[in-house]
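Below you'll find the structure, written out as structure tokens, and then a few comments.
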Amino acid sequence: MSYTPSTKTRSARRSHRDRTVECSEIRDSLLRGVAPGGASFEAHVRSCPACAELVAGDTDLGQELSAAARGGPELDLDQLFSSLNARVQEERGLRAWLCSRSTPARAILAVSIVLALALYQLVSARRPDFAVYPVPRMALVLGVYVCGILLSVAALLRPLGTARREPIALAIVFLCLPVVLALLPEAATSFEPHFHRSFTQAAARCFFYGGGFVASIVIALWLLDRSDGLARASLLLLAACAGSAANLLLQIHCPNPEPFHLIVGHASIGFAWLLVLAAWRARSRA
Amino acid sequence: MVAYAGGDSAAFRELFQRYAPVLLGLLARQLRARDEANDLLQQTFLQLHRARFDFDPGQRFKPWIFTIALNLKREYFRRARRRPESSLDDERMAEPSVEARGAMRWEAHRDLVRGLDKVRPDQREVIELHWFAGLSFSEIGECLGLTANAVKVRAHRGYTALRAALGPDAASIPLPE
């Protein structure tokens, strides 16, 4: 009499053969001290070089890793938690409230301050040649500075829960962009500027005017930043943002097109803020 | 995490108890000095507290908190390299301050850490997350900003290097630059 396997047995065998093994199952087996086996396991190892290394030899590496995973010192979780809880309880005040807002809310707040300052310049302190200044040139320059502000704010306020790389190159580009724009040929306008101040007076006036206005932006971004102490990348981004914002405001306000004035009185603001922030960071870490 | 963002403070303790041991192991194996690893662990949860309204209920929590820890760890090493008095070599490996669970297990742990020192940092990171933290390759990809396939390649190369580092010719293998 021949034996015919039941349908149930055949389908059970088929489902067992077809079952795919995940990398996590191999890891968990090794951690339990069980050497994985079977057709599904072998099929997986043939297609996954990482798991193949773990089980190569006589699962040598897997056994070493498992032994090490069971080693290590004991933890006093209660003591760790109580000191953590104490730090969390100290999170009070304006800065704690601001930096605990969601990232979109923080970014909107930061950009709103820049917008408010720009609107103030447009309404109350616009350059005298604003009406005759070439629109494409104004749009280009303002657009570059707006990009610098937005990208700096986005990088600075980016939450730690996202994979990130230090955007140092970005910060340096936007720190130097005002210098590049200052060297562009002067815009052709019908406006005849009359400057009554000396070069030094005019440059100093713009420097302190623009630099002072963006102090509010620097302070706001520092309050909104969640890190404890400025990292190097944050320092550069803050300075780049301050420089872009100051140059944006001065582009709306100051009619002096002379390149040397633009470099000394406008473009240098970002670098000045970089020095101020670096000095403050060094002092606070001392 | 959603409960904590909604104001349930007991949820914070539960998150800590669930994830602190694995996170501390990850940090302690690379930082060696226990109090610095403890401090970074606390900073991780402090950042979690500050970013509680950023957590999207649809995202996975484990890669999120591990990404925070990894970013803090990287910043720690950047600062450490710029401080001349810091040393990241093997001599900083602290003796356990509490009773180890067994001398042999502690030896195995220490030998593995020495082996991991000889693996490239980016590959070591993947091994730490995959083996010790139990993250899947796609979760590791979320933490590191890579595709799952790129993570698998790093894992393969890392495990190969670690096998060589733990093998009989381990002494001749130099530390990575």
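Note down the net charge around A:Thr103, summing +1 for each Lys or Arg and -1 for each Asp or Glu among other residues with Cβ under 13 Å from its Cβ.
Numbers: positive: A:Arg101, A:Arg106, A:Arg158, A:Arg164, A:Arg226, B:Arg50, B:Arg52; negative: A:Asp225, B:Asp54, B:Asp56.
Charge balance in the 13 Å sphere: +4.
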Handout entry: Rg to Rh, two decimals, where segment A:101-186 supplies the alpha carbon set and Rh follows Kirkwood
Key = 1.04
Problem - In degrees, nearest ten, helix A:7-18 long axis to first principal axis of chain A (Cα) - result: 40 degrees
Fill in the blank from the handout: Simple SL model, points at 7 angstrom along Cα→Cβ for A:Phe130 and A:Glu90; separation in nm is 4.7 nm
Exercise for the section: With r as the distance between the Cβ atoms of A:Leu140 and B:Arg60 and R0 = 45 Å, compute the FRET efficiency 1/(1 + (r/R0)^6) and round to 0.05. Expected result: 0.55
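Give the average, rounded to an integer, of partner chain Cβ atoms located within 10 angstrom of each Cβ in A:149-161. Don't skip to the end; give the middle numbers.
Details: counts 0, 0, 0, 0, 0, 0, 0, 0, 0, 1, 9, 16, 17.
Rounded to a whole number, the mean comes out at 3.
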Practice task
Springs between alpha-carbon atoms under 10 Å, Gaussian network over chain A: tell me which of A:Cys147, A:Cys254, A:Cys48 tops the mean-square fluctuations.
Solution key: A:Cys48
Practice task
Send over the per residue convex hull volume for segment A:160-254, Cα only, as a whole number of Å³.
Solution key: 130 Å³
Practice task
Can you check what the net charge comes to around A:Ala220, using other residues whose Cβ is under 15 Å from the Cβ of A:Ala220 (Lys, Arg +1; Asp, Glu -1)?
Solution key: +3
Problem - Nearest-ten-degree value, helix A:232-253 long axis tilted from longest Cα axis of chain A - result: 30 degrees
Completion exercise
Taking Cα atoms only, helix A:23-32 is inclined relative to the longest principal axis of chain A by an angle, in degrees rounded to 10, of 60 degrees
Exercise for the section: Within a 10 angstrom radius of each residue's Cβ in B:43-56, how many Cβ atoms of other chains show up on average? Whole number is fine. Expected result: 6
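I need the calculated FRET efficiency for the pair A:Tyr120 and A:Phe260, taking r as the beta carbon distance and R₀ as 25 Å, to the nearest 0.05. Walk me through the intermediate numbers first.
Values: r = 27 Å, r/R0 = 1.09.
That pair, A:Tyr120 with A:Phe260, gives E of 0.35.
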Problem - Full-stretch length increase - A:Glu186, A:Phe208 - with 0.36 nm per residue and alpha-carbon distance subtracted - result: 5.6 nm
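When the Cα atoms of chain A are enclosed in a convex hull and the volume is divided per residue, what value in Å³ results?
Working: hull volume 79.1 nm³, N = 286.
It is 276 Å³ per residue.
For segment B:23-76, what class follows from the C-alpha gyration tensor (a ≥ b ≥ c being the square roots of its eigenvalues): rounded when a/c is under 1.5, otherwise prolate if a/b is larger than b/c, else oblate?
On the way: a/c = 2.67, a/b = 2.01, b/c = 1.33.
Prolate.
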Fill in the blank from the handout: So for segment A:207-286, using the alpha carbon gyration tensor with a ≥ b ≥ c as root eigenvalues (a/c under 1.5 gives rounded; past that, a/b versus b/c decides prolate or oblate), I'd call it prolate
Fill in the blank from the handout: Projected convex hull area of segment A:65-220, Cα atoms, direction-averaged, in nm², equals 15.9 nm²
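All of the numbers you see were taken from the coordinates with simple rules; none came from a lab. Keep in mind it's a predicted model, so treat the numbers as computed, not measured. Every residue, glycine as well, gets a Cβ built from its backbone with ideal geometry; the counts of neighbours run over all protein chains shown.
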